Amino acid sequence: MELHILEHSLKVASIEKEGIQICTHGLIKLAFLASKTRCKFFSLTETPEDYTIIVDEEGFKELPQSEHISVADATWVALNVVSGGGNTSSSQPIGVTKIAKSVIAPLADHNISVFMLSTYQTDFILVRERDLPMVMHTLSSEFTLLRVVNGETVAAHNLGVTNGFVKPKLGELPRPIIHPLSSPSNMFCVTSLDPDTLPSVATLLMDVMFYSGGFPNNVLFTSASGELWKMVRIGGQPLGFDECGIVAQISEPLATADIPAYYISTFKFDHALVPEENIQSVIVALRTESTAQ
């Protein structure tokens, strides 16, 4: 398998709900007017607490300076696992489940914090830019490391740098879940928008982004099964960015149980989406893990 190191230097920021109006111009430009900006990586996630934005340095320039915007101190780099020539079979695991044991767990074992962003088509693993040499050293035995430079993939050379953290022996150290879990009543549909339809639905998407409207029919690609997903929210208090292993605590039990999951980290909390029919067994399994010592 290949591990692609994307060329973007990313910022992770929180926009307070009461401050969203001053950011609307920049967010519309980033989301809908790609030809008007040099931004190449943009993500916006709304939660009850705030909006989390992940954006490259060019895109960050589109946002105003404001007391309503908090920015994480670190600069982040996005990693992307590619297998089978980049094509994903419907029989393969979905989301974070497919990379839990090969990527997430090894990084947690080496005390490297990650910030996850699952999407319909792929998963982005964000790591601090300063941790990248350690990430490459940790994963080089399992992956072919490639950098994306000006849109082209080239070999990435492992610098052989470690952080001095000794990986625990297999089975020696359990990974109990230490943060509270909750599951809201909402149902979710994981979808992908056909880019060709973007101009025709832009105003509707603005309504969804800023006025909590609903998606129109027949403009989204959805999974063939039409399945619905339920959320598991991780954290009672804001999690911060320094603690290592939170994603691994959730994704490893799900991978062991062969339960697909999308994982979305936000500025304050983490969120896992699992199939609706699995939610009860997921909650039981994770709460069992949380009692393990």
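The values are calculated or read from the model by the stated rules, or taken from the named source; none is laboratory data. In this text, all values refer to a predicted model and were calculated from it rather than measured experimentally. So basically every Cβ, Gly included, is an ideal-geometry build from the backbone, and we count neighbours across all protein chains shown. The accessibility values were calculated without ligands, DNA or RNA, using every heavy atom of the protein model including side chains. Shrake-Rupley method; radii C 1.70, N 1.55, O 1.52, S 1.80 Å.
Observations on the structure shown:
- The residues in the range 115-155 that are open to solvent by 30 Å² or more (accessible area, probe 1.4 Å) and touching a helix residue (DSSP H, G or I) at 6+ places or on another chain (Cβ under 8 Å) can be counted, and the count is 1.
- Test: E129 is touching a strand residue (DSSP E or B) at 6+ places or on another chain (Cβ under 9 Å), under 19 Å from G240 (Cβ atoms), of a type in the set (D, E) and in contact (Cβ under 8 Å) with a residue 24 or more places away in the chain: yes
- Subset of the range 250-276 that is in contact with a strand residue (DSSP E or B) (Cβ under 9 Å, 6 or more places away or on another chain) and open to solvent by 60 Å² or more (accessible area, probe 1.4 Å) - its residue that is modelled with the lowest pLDDT: E276
- Subset of the range 190-201 that is in contact with a Leu (Cβ under 9 Å, 6 or more places away or on another chain) and in a helix (DSSP H, G or I) - its residue that is surrounded by the most Cβ atoms within 10 Å (Cβ to Cβ): V201
- Some residue of the range 24-44 being under 15 Å from M209 (Cβ atoms), touching a residue at least 40 places away in the same chain (Cβ under 8 Å), in a strand (DSSP E or B) and open to solvent by less than 10 Å² (accessible area, probe 1.4 Å): no
- Once the range 195-247 is narrowed to residues that are modelled with pLDDT of 85 or more and β-branched (V, I, T), the residue that is farthest from L286 (Cα to Cα) is T203.
- The residue list G245, G236 contains one member that is more than 26 Å from T191 (Cα to Cα) and buried (at least 19 other Cβ atoms within 10 Å of the Cβ), which is G245.
- Restricting attention to the range 246-293, the residues that are of a type outside the set (A, V, I, L, M, F, W, C) and either part of a helix (DSSP H, G or I) or in contact with a Lys or Arg (Cβ under 6 Å, 6 or more places away or on another chain) (or both) total 15.
- Flag if H4 is open to solvent by less than 40 Å² (accessible area, probe 1.4 Å), under 13 Å from A78 (Cα atoms) and in a loop (DSSP other than H, G, I, E, B): no
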